[in-house]
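Contents: one structure, followed by commentary.
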There are 4 protein chains.
Amino acid sequence: MIIMKAEATEKEIANVVKEIKKYGLKADVSRGEYRTVIGLVGDERKVSFSHFAVLPGVKEAMMVETPYKLISKEYSKLFGMESEYRVIQVGNVSIGGNELVFIAGPCAVESKQQLLRIAEGIKKAGAHILRGGIFKPRSSVHSFQGLGANGREEAEEALSWLSEAGKKFEMPVITEVRGETQVDLIAEYVDILQIGARNMYDQDLLAKVASKNKPILLKRHFGAGIEEFLSFAEYIAAEGNKDIILCERGILPVGKGRNYTRYTLDLAAVPAIQKETYLPILADPSHATGRRDLVFNMSCAAIAAGASGLMIETHYNPAEALVDGQQMITPDELKEVIDACQRVRRLVVSTQ
Amino acid sequence: MIIMKAEATEKEIANVVKEIKKYGLKADVSRGEYRTVIGLVGDERKVSFSHFAVLPGVKEAMMVETPYKLISKEYSKLFGMESEYRVIQVGNVSIGGNELVFIAGPCAVESKQQLLRIAEGIKKAGAHILRGGIFKPRSSVHSFQGLGANGREEAEEALSWLSEAGKKFEMPVITEVRGETQVDLIAEYVDILQIGARNMYDQDLLAKVASKNKPILLKRHFGAGIEEFLSFAEYIAAEGNKDIILCERGILPVGKGRNYTRYTLDLAAVPAIQKETYLPILADPSHATGRRDLVFNMSCAAIAAGASGLMIETHYNPAEALVDGQQMITPDELKEVIDACQRVRRLVVSTQ
Amino acid sequence: MIIMKAEATEKEIANVVKEIKKYGLKADVSRGEYRTVIGLVGDERKVSFSHFAVLPGVKEAMMVETPYKLISKEYSKLFGMESEYRVIQVGNVSIGGNELVFIAGPCAVESKQQLLRIAEGIKKAGAHILRGGIFKPRSSVHSFQGLGANGREEAEEALSWLSEAGKKFEMPVITEVRGETQVDLIAEYVDILQIGARNMYDQDLLAKVASKNKPILLKRHFGAGIEEFLSFAEYIAAEGNKDIILCERGILPVGKGRNYTRYTLDLAAVPAIQKETYLPILADPSHATGRRDLVFNMSCAAIAAGASGLMIETHYNPAEALVDGQQMITPDELKEVIDACQRVRRLVVSTQ
Amino acid sequence: MIIMKAEATEKEIANVVKEIKKYGLKADVSRGEYRTVIGLVGDERKVSFSHFAVLPGVKEAMMVETPYKLISKEYSKLFGMESEYRVIQVGNVSIGGNELVFIAGPCAVESKQQLLRIAEGIKKAGAHILRGGIFKPRSSVHSFQGLGANGREEAEEALSWLSEAGKKFEMPVITEVRGETQVDLIAEYVDILQIGARNMYDQDLLAKVASKNKPILLKRHFGAGIEEFLSFAEYIAAEGNKDIILCERGILPVGKGRNYTRYTLDLAAVPAIQKETYLPILADPSHATGRRDLVFNMSCAAIAAGASGLMIETHYNPAEALVDGQQMITPDELKEVIDACQRVRRLVVSTQ
């Protein structure tokens, strides 16, 4: 990490970047209220920091050995980021700002009619962003894999429905990207690219989606510790894209016998992560619990824990959904959740 | 399980109980709005249910193979319990009723002066029950084990301080029982007997504390699934004591690398458990997170999830505490937590 | 699943396949000693099995709802596979047959000289297949990612060294494929394509590597249960490629405090998996333990548990390795391991 | 820890012990080939080590902050223990020496006839120690809890059968102690006291059994890390009883879906623990896998990993056993296991 003097010139900054590239590393230039800081991206062990320390405009040059640094709060404090959290703008929606953000929609897009009807419902309920899965990751190759599995044409058609529904009801849209070859196509149609829990460790996919310069929602893998989760978010930041929305969606349960929930929603991870990074973090109570009847309570709990918003699976008739019907709620129920969460938020923020 | 006819007489009930005892089993007689139900306690495989079905006053006799049944909601619905949850009365405090309950105090009792000062602080902050550890379970035999480790005399002295502090500030008191030989002594001085997470599986200890006919607070073991947790609560109920307060205090973390919290607070367990049993459930954000700076958020989150109250470690000067200083909050901070929780509670209850 | 009559003709089989494709599903045709069985690949819920049951040559048509079936032992017994386990042939090496197979080599390829020297060493030690990482999955973007990270040219050069070393010392070679865009390139140079633990859930990558018609070594994810592991192997089989070599490499540790091993090597998974599938299973004691001093014992233990071979990281000078030096052994130590394992194998096989 | 000079006199040693007791701590005096070392037992923070350093005969005085030290290899090396591992003698059986030790018998004692028949069978099969459960820890209060649950008389009768069977077939006997009130009774009848996995954390029970001066077999809790396991063994050593036999019996499984084994047998813990402590360690493949058909392989694997012996549930007719029938093997199968293990042991030892 190279800390520039407050008075360093653009030329001096450019020179440091040039020197970094000579080592085969990338440079992350962050300009803030106090100064410019240049993060080295890649294996720093081969770098001579004493060489950098004497370059014009450099205040300090040091090796940082933590697995994530570009997204760390310490880094943002060093150069003086304008606010404590990064606010990510998608259309007219701000994620990580004062207002909560609700992402809702069906687990899987099934038809244009289904999607439009749900989009209308969630909009009325107060949701901000429309979700809909087209390439579904599934534990069994013999389960329905989403319309994206039926070939490029059907995938593109489903994507166009999503885009159209978003425009019609004035909501940005998000869908999951499961493989590298889907990135270009999906990026044409959606506003936010989602990396699901199962793909969190897929560093090549992370680099590829990062390159589209669109916001990315990264879900925590169910077997990942918090440090690991942030280390893989760093893979996205390393490509120069810091519009990263983190999402806690439950980790592996521990213990014998029936568990009553699908995963363990790790809500303490929410404030713990907020102490570590300036990136916003959401929660997904639908996948975490796998139970419609727990969504209300766990939504309120996630907001009380400090989450910047929620991702909730919604369907007008959960019983007929092709995937995950047991954990979806209706738009009417969503409205109750959103209203309660808004009030919990105001209460918790005003108290702190 | 023997379901009696609505019009069954006391004599008929007594006869069924007598027949159950012939098999070497115990009988749990529950009288409700609808009828009387008699649960068999022990190994039912040797019982002839057809024999019971024809006894006078018996409506139905059937084997139930779930590991917990006396504490299950299904059981309470069968005989018609007066309310959805059992309200446990300790002095003038009701646990599991409409009002939240806050248990606070130091991890370990260190001196009379320390305890009185903390008791005064938490009372002012709005807490209802005073906690203080005298027999401390520790991972290392070379750590401070609480004043109880210094022999019966010192243990009794510390217990008398606890009792005195409770009386002075009008709060029931609770302390942890770690071994069978401590039960009689502790039961003389405290209002609620606590079984810590490490002892949850200790069925002989559970039976022994149950026999004192005082309310018992049972913490979930950090390696126990929900079904297991309830199955060990059933060991207490099987002794005829149903004044059981459950407490979620964090389970083993999953994942590599630094974890940032001591355990994983499983808040979805709170509403999930409430669907299974009529017993009240609290949460302990102090032990779960091991971090003072996360207690506020996780307290609010636990209440939003539906918990009936909290157990929070409190000390006027956490830095000088002999055990767990890093997770204690001050009485002033406790007041903020309690106030926020009360408002979250009202909000969540009014919305549902 | 469609079970054909023993006397079914090729025409009848082809007709069934044609009908399956009408549903948008793929057909897996397995011919054995007893009969031909046709597995449906994909979402069977939309299929009318009563329609298939009456087609000429069909004995039975039924829905199978397990997440893996094409790789299951039940399936292979149904059509009568010639042996209990599938023997996978790579050059002159048989995997899953009577002889144990040892895969060895450095964690990361660092230079041609390093690779040749290690290849010579492991060949003398008795290893059969040469491994060498070129695209390394790492928890930190700031760690050395393998020579593959330096661009296509360097990746190709490193791959050519691997291929050359394999030819020179007459060993098939294997390397890890981390992303979809690497598959075509890597498949030109190596004999076996490896999917690392972190990518086990990456179903698009699995489908892509499967399509190269080369044997695939699939490592179990450290957060995956056995059923899940097999369900993702099924993704490969579903593409028509059943040359799948499974590999147990350790799962997430459970419990507080220091753990002394990196992961938990789940050796009971070895015989448990052998009861479920006909695919061969290896073990990787290097990654599982992360400790050179445990490799000998855990290698012998894995073979005693029934593993068909081992993958062991080897380096002539572990101390100077760029990645994972603490878990590599020398070629001399490898020889001791292989010798001991061969004798354990003979002993265990002869006893059973 | 106080390291005495080689020439220190008994009087000087006694003086140091006296000084230690003034602090309310206990002293563990270990005499070896090189010198005498005195371990402080309890909370060392209140001790002035500079005071000890100047006492006559003292070479060095220092605080040791690890949770286990009395059982650590470093400690035994310091004073010069005669061999690398402590050999625990029970009757004519040595545990932890050159010869493997096999403990076998039924999960639960059901009748005298059953026990004698099994004892005869396992003796012929080559087992050394007879096990039989009388106080059974169970997940459900409604399951069979062992004959010990029927009152003191029946418990004593069952214990006398165990003792008689041991004498008749010349094998020491072992049974599980579940609660403090059972210790005195059980210690009258058996040679080794077993603490089951569920009670590993029960420090009061550990102290109580330690006081009987009989060897103790301590099973690892299924949620305990290795460091924790050893820290609780230290509770026994702290009472002056170092005849501790450790036993790995499987930890909590990780991962979704069916798991195929009951727990995860952590065999790498065997050699890892052997690097840390001089205490012998066994493995229990029966409880770990919960599957009779995996016992042979996992037994051989445990011995290959370095275990000093095994504990295996055995019954002449597993199908009629009241508890755990699905994981028991017959005496004939036990003979095959023991024979194979003996050969694996010779092979692995001769190679190292």
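The values are calculated or read from the model by the stated rules, or taken from the named source; none is laboratory data. Keep in mind that what you see is a predicted model, and the values were worked out from it rather than measured. For neighbour counting, all protein chains shown are included, and Cβ atoms are generated from backbone atoms with ideal geometry for every residue, glycine included.
Quick notes
A quick yes/no check of all residues on (1) within 12 Å of another protein chain (Cβ to nearest Cβ); (2) assigned to a loop (DSSP other than H, G, I, E, B); (3) β-branched (Val, Ile, Thr):
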| position | (1), (2), (3) |
| --- | --- |
| C:LYS256 | yes, yes, no |
| C:THR261 | yes, yes, yes |
| C:ALA288 | yes, no, no |
| C:VAL295 | yes, no, yes |
| C:CYS300 | yes, no, no |
| C:ILE338 | yes, no, yes |
| C:ARG343 | yes, no, no |
| C:VAL348 | yes, no, yes |
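- In the set A:LYS73, A:LYS124, only one residue is basic (Lys, Arg) and in contact with an Asp or Glu (Cβ under 7 Å, 6 or more places away or on another chain); that residue is A:LYS73.
- Restricting attention to the range A:5-35, the residues that are closer than 28 Å to C:ASN150 by Cβ and not aromatic (Phe, Trp, Tyr) total 17.
- Look at (1) within 24 Å of B:ALA197 (Cβ to Cβ); (2) hydroxyl-bearing (Ser, Thr, Tyr); (3) surrounded by fewer than 18 Cβ atoms within 10 Å (Cβ to Cβ) and you find that D:SER140 fails only one, number (3).
- Subset of the range D:224-237 that is in contact with a helix residue (DSSP H, G or I) (Cβ under 7 Å, 6 or more places away or on another chain) and under 20 Å from D:GLY306 (Cα atoms) - its residue that is nearest to the other protein chains (Cβ to nearest Cβ): D:ILE226
- Only a single item in (1) part of a helix (DSSP H, G or I); (2) of a type in the set (Val, Ile, Thr); (3) within 24 Å of C:CYS107 (Cα to Cα) is not met by C:ILE236, and it is number (3).
- Checklist (1) within 11 Å of chain D (Cβ to nearest Cβ); (2) within 21 Å of D:VAL254 (Cα to Cα) applied to C:ASP284, failing item: (1)
- Test: B:TYR278 is aromatic (Phe, Trp, Tyr) and either farther than 10 Å from B:ARG249 by Cβ or more than 9 Å from chain A (Cβ to nearest Cβ) (or both): yes
- Filter result (out of contact with any helix residue (DSSP H, G or I) (no Cβ under 6 Å at 6 or more places or on another chain) and part of a helix (DSSP H, G or I)) within the range D:146-161: D:ALA149, D:ASN150, D:ARG152, D:GLU153, D:GLU156, D:GLU157, D:SER160
- Qualifying residue in the range D:126-145 (condition: in a helix (DSSP H, G or I) and of a type outside the set (Phe, Trp, Tyr)): no
- Considering residues of the range A:325-352 that are buried (at least 17 other Cβ atoms within 10 Å of the Cβ) and basic (Lys, Arg) only, the residue farthest from A:ARG138 (Cα to Cα): A:ARG343
- Screening B:LEU265, B:LEU322 for residues that are surrounded by 24 or more Cβ atoms within 10 Å (Cβ to Cβ) and touching a residue at least 12 places away in the same chain (Cβ under 8 Å) leaves exactly one candidate, B:LEU265.
- Test: B:ASP332 is acidic (Asp, Glu), more than 16 Å from the chain's Cα centre (by Cα) and modelled with pLDDT of 95 or more: yes
- Answer residue from the range A:1-51, given it is touching an Asp or Glu at 6+ places or on another chain (Cβ under 7 Å) and within 26 Å of C:VAL323 (Cα to Cα) and is nearest to the other protein chains (Cβ to nearest Cβ) among those: A:VAL41
- Apart from one condition, B:LYS214 fits all of (1) away from chain D (no Cβ under 13 Å); (2) touching a residue at least 40 places away in the same chain (Cβ under 8 Å); the exception is (2).
- When A:GLN114 is tested against (1) farther than 18 Å from A:GLY325 by Cα; (2) more than 24 Å from the chain's Cα centre (by Cα), only condition (1) is not met.
- Every test in (1) within 14 Å of chain D (Cβ to nearest Cβ); (2) surrounded by 19 or more Cβ atoms within 10 Å (Cβ to Cβ) is passed by B:VAL109 save one, and that test is (1).
Let's see how each residue does on (1) of a type in the set (Gly, Ala, Ser); (2) in contact with a Lys or Arg (Cβ under 8 Å, 6 or more places away or on another chain):
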| residue | (1), (2) |
| --- | --- |
| B:ALA288 | yes, yes |
| B:CYS300 | no, no |
| B:THR314 | no, no |
| B:PRO318 | no, yes |
| B:ALA321 | yes, no |
| B:GLN327 | no, yes |
| B:CYS341 | no, no |
| B:LEU347 | no, yes |
| B:SER350 | yes, no |
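- From the list B:GLY309, B:GLY325, B:GLY240, the one residue that fits, being more than 10 Å from chain A (Cβ to nearest Cβ), among the small types (Gly, Ala, Ser) and touching a strand residue (DSSP E or B) at 6+ places or on another chain (Cβ under 6 Å), is B:GLY309.
- Note on the range B:143-153: residues that are more than 10 Å from chain D (Cβ to nearest Cβ) and surrounded by fewer than 22 Cβ atoms within 10 Å (Cβ to Cβ) amount to 2.
- Close Cβ contacts (under 9 Å, 6 or more residues apart or on different chains) running from residues in the range C:118-141 that are under 25 Å from A:GLY223 (Cα atoms) to residues that are surrounded by fewer than 22 Cβ atoms within 10 Å (Cβ to Cβ) and β-branched (Val, Ile, Thr) comprise C:GLY133/C:VAL323; C:LYS136/C:VAL323; C:ARG138/C:VAL323; C:SER140/A:THR66; C:VAL141/A:VAL41.
- In the set B:LEU279, B:LEU310, only one residue is part of a loop (DSSP other than H, G, I, E, B) and touching a Phe, Trp or Tyr at 6+ places or on another chain (Cβ under 8 Å); that residue is B:LEU279.
- Taking the conditions (1) within 14 Å of chain C (Cβ to nearest Cβ); (2) closer than 26 Å to A:PRO172 by Cα; (3) surrounded by 24 or more Cβ atoms within 10 Å (Cβ to Cβ); (4) out of contact with any helix residue (DSSP H, G or I) (no Cβ under 6 Å at 6 or more places or on another chain) in turn, A:LEU246 satisfies each one other than (1).
- The residue that is farthest from A:ARG346 (Cα to Cα), counting only those in the range B:325-352 that are touching a residue at least 40 places away in the same chain (Cβ under 8 Å) and polar (S, T, N, Q), is B:GLN327.
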